[in-house]
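Notes for the one structure printed next.
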Amino acid sequence: MGWPIPLLAGAVTGVLSGFGVGGGTLLLIYMTAFAGVEQHLAQGVNLLYFLPTAATALPSHIKNGYIDKGTALPAIAAGLAGTALAAWCATALDVGLLRRFFGGYLLYIGLRELFRKKQG
């Protein structure tokens, strides 16, 4: 396959990450479903991918006033604890079970978005 397709996948998911859409999740899907990367490895790559993409998008969101520190700080604290626990669990789970959990999560989010009532 070479490097053009992974480069394109990284660029597209990077743009989506800049919008705050969850480009890392789409990158994870690309890696496991199309690039043949094993789930545990893809999750590790996704975590590493997230750091620089979030760091480059964050200044723009802060500049435009899209960060509420009162909401962000407790969410960050809870997220750190949850991430540590979930990473420990994910590395201990069988990869087949992990894939099923991830697939179920994606289905839930997709269905929720599909049937969400328009606000306003």
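Quick notes
- Tabulated pairs, the stretch 78-107, first at pLDDT 90 or above, second in a helix (DSSP H, G or I) and hydroxyl-bearing (S, T, Y), C-beta under 7 angstrom, 6+ apart or interchain: none
- Cross-chain or 6+ apart pairs with Cβ under 6 Å, the stretch 46-69 first and farther than 14 Å from V21 by Cα and without any contact (Cβ under 8 Å) to a residue 12 or more places away in the chain, then aromatic (F, W, Y) and part of a helix (DSSP H, G or I): none
- Meets criteria (surrounded by 15 or more Cβ atoms within 10 Å (Cβ to Cβ), modelled with pLDDT of 85 or more and either over 16 Å from the mean Cα position of the chain (by Cα) or closer than 30 Å to A92 by Cβ (or both)) for L48: no
- So A90, is it assigned to a helix (DSSP H, G or I) and loosely packed, with under 10 Cβ neighbours inside 10 Å: no
- Yes/no for L73 being out of contact with any Phe, Trp or Tyr (no Cβ under 8 Å at 6 or more places or on another chain), part of a helix (DSSP H, G or I) and either of a type in the set (D, E) or farther than 22 Å from G20 by Cα (or both): no
- Scanning the stretch 32-45 for residues that are under 19 Å from D94 (Cα atoms), part of a helix (DSSP H, G or I) and free of Cβ contacts under 8 Å to residues at least 60 places away in the same chain gives A33, H40, L41, A42, Q43, G44, V45.
- Subset of the stretch 8-21 (residues that are surrounded by 15 or more Cβ atoms within 10 Å (Cβ to Cβ) and outside any helix (DSSP H, G or I)): none
- The sole residue among I29, I5 that is farther than 26 Å from L93 by Cβ, surrounded by 12 or more Cβ atoms within 10 Å (Cβ to Cβ) and β-branched (V, I, T) is I5.
The values are calculated or read from the model by the stated rules, or taken from the named source; none is laboratory data. Just so it is clear, the structure is predicted and the values come from calculations on it, not from any experiment. Cβ: placed from backbone, ideal geometry, glycine included. Neighbour counts: every protein chain shown.
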